[in-house]
Ligand SMILES: [Zn+2]
Ligand SMILES: [Zn+2]
């Protein structure tokens, strides 16, 4: 395994450090098993084969740890179809016939637009930024971030409009009722489907983002980031509750 590769158990991810930037694969571990959830290669590391190096080192680490493998990450899944020598790592039933993933639907205010998400969010939390406050007309946005490939418009695509103030966030809403549905973050290849719209879904927040611009305090003991965690391009600095 390359010496710039490590298993950061505190952050639940494998990391490959290149020129001071970190590419990583997030995971969940359970006794004897590991589920690879999401791969992130920062754009500045693009076009250098870093993704393949990270994929190889990650799967070598899974083998060295003697864990059975489950894969939710499309990147790793694609990597494994080209590198079939790792297929023996897969847990029973984790291959082509994996158990069906959970599906949740979120609708706009009038119901004309419906989106469907599949599986589990990459992560979830609350955002206190001024843009979320202005867009949602609320002090806090409860976000759940899903891989773009796990989100689809199930109904009313023609009614769905998009507004973007910055290149980071494409905000989508229903033209009929004005109800907000989701925000696409193309840079992160993730989509925030507003957690409170998802029927049957339990919001499991792990952090508060952009707490420096909070309008209300939330004393729930979760980490309060000034802007964003470092692995999402923020300063990583935190504030008290
Ligand atoms: Zn609507
Ligand atoms: Zn925000």
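Identify all residues within the stretch 173-204 that are assigned to a loop (DSSP other than H, G, I, E, B) and closer than 17 Å to residue 104 by Cα; write none if there are none. Step through it out loud before you land on a result.
Residues of the stretch 173-204 that are assigned to a loop (DSSP other than H, G, I, E, B), as a first pass: 175-179, 186-189, 194, 199-204.
Matches in the stretch 173-204: 194, 199, 200, 201, 202, 203, 204.
Could you please find all residues in the stretch 151-174 being within 15 Å of ligand 1 (Cβ to nearest atom), surrounded by 13 or more Cβ atoms within 10 Å (Cβ to Cβ) and over 18 Å from residue 137 (Cβ atoms)?
Hits for the stretch 151-174 are 153, 154, 155, 156, 159, 160.
Keeping to the stretch 147-172, report how many residues are part of a strand (DSSP E or B), away from ligand 2 (no atom under 16 Å from the Cβ) and either in contact with a strand residue (DSSP E or B) (Cβ under 6 Å, 6 or more places away or on another chain) or modelled with pLDDT of 95 or more (or both).
Taking the stretch 147-172 first, the residues part of a strand (DSSP E or B) are 147, 151-155, 160-166, 169-172.
Add one more test, that the residue is away from ligand 2 (no atom under 16 Å from the Cβ), and what stays is 147, 151-155, 160-162.
Still in the list and also either in contact with a strand residue (DSSP E or B) (Cβ under 6 Å, 6 or more places away or on another chain) or modelled with pLDDT of 95 or more (or both): 151-155, 160-162.
Total meeting the criteria: 8.
Going residue by residue through the stretch 27-44, is there one that turns out to be part of a helix (DSSP H, G or I) and either more than 28 Å from residue 116 (Cα to Cα) or touching a residue at least 40 places away in the same chain (Cβ under 8 Å) (or both)? I'd like the intermediate steps shown before the answer.
Looking only at the stretch 27-44, we keep the residues that are part of a helix (DSSP H, G or I), and these are 43-44.
Adding the requirement that they be either more than 28 Å from residue 116 (Cα to Cα) or touching a residue at least 40 places away in the same chain (Cβ under 8 Å) (or both) leaves 43-44.
The answer is yes; a qualifying residue exists.
List the strands (runs of 3 or more DSSP E) that sit entirely inside the stretch 92-137 and contain at least 3 residues that are at pLDDT 95 or above and within 13 Å of ligand 2 (Cβ to nearest atom).
123-127
Condition first: over 19 Å from residue 231 (Cα atoms), assigned to a loop (DSSP other than H, G, I, E, B) and within 23 Å of the chain's Cα centre (by Cα). Now tell me which residues in the stretch 68-90 satisfy that.
If the condition is that a residue be over 19 Å from residue 231 (Cα atoms), assigned to a loop (DSSP other than H, G, I, E, B) and within 23 Å of the chain's Cα centre (by Cα), then 72 is the only one that fits.
Can you name the residue in the stretch 24-51 that is under 16 Å from residue 187 (Cα atoms) and surrounded by fewer than 20 Cβ atoms within 10 Å (Cβ to Cβ) and is also farthest from the chain's Cα centre (by Cα) among such residues?
47
Being more than 16 Å from ligand 1 (Cβ to nearest atom) and under 21 Å from the mean Cα position of the chain (by Cα) is the requirement here; does residue 194 meet it?
Numbers: more than 16 Å from ligand 1 (Cβ to nearest atom): no; under 21 Å from the mean Cα position of the chain (by Cα): yes.
So residue 194 does not fit the description; no.
Residue under question is residue 60, and the condition is that it be touching a helix residue (DSSP H, G or I) at 6+ places or on another chain (Cβ under 9 Å) and at pLDDT 90 or above; does it hold?
Working: touching a helix residue (DSSP H, G or I) at 6+ places or on another chain (Cβ under 9 Å): yes; at pLDDT 90 or above: yes.
Yes, satisfied.
The values are calculated or read from the model by the stated rules, or taken from the named source; none is laboratory data. Only a predicted model underlies this, so the values are computations on that prediction, with no experimental measurement involved. In this analysis, Cβ positions are derived from the backbone assuming ideal geometry, glycine residues included, and neighbour counts consider all displayed protein chains.
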